[in-house]
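Here's the structure, in structure tokens; my notes come after.
The values are calculated or read from the model by the stated rules, or taken from the named source; none is laboratory data. Just so you know, these numbers come straight off a predicted model, no measurement behind them. Note that we place each Cβ from the backbone using ideal geometry, even for glycine, and neighbour counts take in every protein chain shown.
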Amino acid sequence: MEKYALGIDIGGTTVKMGLFSQDGRLLDKWEIPVRLENKGAGILPDVAESLLSKMREKGIKTENLAGIGAGIPGAVDKAGNLVGGAVNLGWEPFNIPKVLRTYIEVPVKAVNDANAAAFGEMWQGGGKGYDNLVMVTLGTGVGGGIIVDGSLLVGAFGGGGEIGHIHIDDQETECCGCKNKGCLEQYASATGVVRLAQQRLKQDDAPSLLRRGELTAKSVFDAVKAKDSVALEVAERFGSYLGKGLANVANVVNPEIFVIGGGMSQAGEILLSFVEPEFQKYVFPACREVVFTLAKLGNDAGIYGAAGLLLNG
């Protein structure tokens, strides 16, 4: 009997959903808006209604469904408990599978969204063929997912893989979103790169393309491609921070491959050219033989990983 899996990726504005065959083919994908009112009380009912509607459309019965995998923007432990809540959704801690199963009585597996993306890239993306992988997502923040011998490193309380909050700079005076200071996320995220660029532009009046138009991570790397000297300085500083941070990660988990995703990865291979040399400066020799590559699944990594964990996790 043909089995299907549903993968969902809950974000701050939309829920992405995918219908997958048992062998990992994406058969259909769609999304619905996230309703944040009443502390996000309507999110899971909306998800369930949309999934049931798709099942009716495709003629899929409950007994044909292997289950639902869910990527959640927060720390999720092995039992599917949301630890500490999900601030951007308004959610307090609760058990995600238990609640979702009240709407659809099938197996449910819930994981952190960055962990889901990491598994997706290992299963069907840039990390396919590797069992020891670190996924790094460079977006508004820095997310991470660590896979060791084919299994996600979740940690005792769902906090495994939070590489964006590795402490990297003792001199930092501003707080990270986590309330600590000097986190990798403050320098290697898209907002962190903008912050580095603003700091550099204030140092002097050196001419730069970055003084024109809106300052974004994309505009910084576009200027890098144009050989802008100020942008190159910013990129080198970004690379120093991220390279050192990933060397610290490698020294602990010794991955075969780093898969770089998130919005900033759209800059392409040039981004890696600033990270790899700095990584090699700091990494332990036995951990040096690691591949750097760009993610391949884009915004679909989360739904792939959520479904893949359900089917293979």
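Output the number of the condition that E162 fails; it satisfies all remaining conditions of (1) touching a Cys at 6+ places or on another chain (Cβ under 9 Å); (2) free of Cβ contacts under 8 Å to residues at least 12 places away in the same chain; (3) among the charged types (D, E, K, R). So the condition that E162 fails would be (2).
For first residues located in the stretch 197-209 and in a loop (DSSP other than H, G, I, E, B), partners that are among the β-branched types (V, I, T) and lie 6+ apart or on another chain with Cβ distances below 6 Å form the pairs A206/V230; S208/V230. Scan the stretch 277-293 and tell me whether some residue there is under 21 Å from G120 (Cβ atoms), under 17 Å from the mean Cα position of the chain (by Cα) and assigned to a loop (DSSP other than H, G, I, E, B). Looking for residues that are under 21 Å from G120 (Cβ atoms), under 17 Å from the mean Cα position of the chain (by Cα) and assigned to a loop (DSSP other than H, G, I, E, B), one finds none in the stretch 277-293, hence no. Checked against (1) touching a residue at least 40 places away in the same chain (Cβ under 8 Å); (2) within 17 Å of A75 (Cα to Cα), E121 passes all but a single condition, namely (2).
Taking the numbered list (1) among the small types (G, A, S); (2) touching a Cys at 6+ places or on another chain (Cβ under 6 Å); (3) surrounded by 23 or more Cβ atoms within 10 Å (Cβ to Cβ) in turn, G245 passes all entries but (2).
With the condition kept exactly as written, say whether any residue in the stretch 192-212 is closer than 26 Å to G302 by Cα, buried (at least 17 other Cβ atoms within 10 Å of the Cβ) and small (G, A, S). Yes, some residue in the stretch 192-212 is closer than 26 Å to G302 by Cα, buried (at least 17 other Cβ atoms within 10 Å of the Cβ) and small (G, A, S). Restricting attention to the stretch 294-313, the residues that are crowded, with 21+ Cβ neighbours inside 10 Å, assigned to a helix (DSSP H, G or I) and small (G, A, S) add up to 6. Looking at the stretch 248-269, which of the residues that are modelled with pLDDT of 95 or more and hydrophobic (A, V, I, L, M, F, W, C) is surrounded by the most Cβ atoms within 10 Å (Cβ to Cβ)? Here the residue is V259.
Going through (1) touching a strand residue (DSSP E or B) at 6+ places or on another chain (Cβ under 7 Å); (2) within 18 Å of Q199 (Cα to Cα); (3) of a type in the set (S, T, Y) one by one, S265 falls short only on (2). Remark: G155 falls outside the filter, which requires a residue to be touching a strand residue (DSSP E or B) at 6+ places or on another chain (Cβ under 7 Å) and either outside any helix (DSSP H, G or I) or crowded, with 19+ Cβ neighbours inside 10 Å (or both). Screening the candidates P73, P97 for the property of being within 18 Å of K16 (Cβ to Cβ) and touching a strand residue (DSSP E or B) at 6+ places or on another chain (Cβ under 7 Å) yields one hit, P73.
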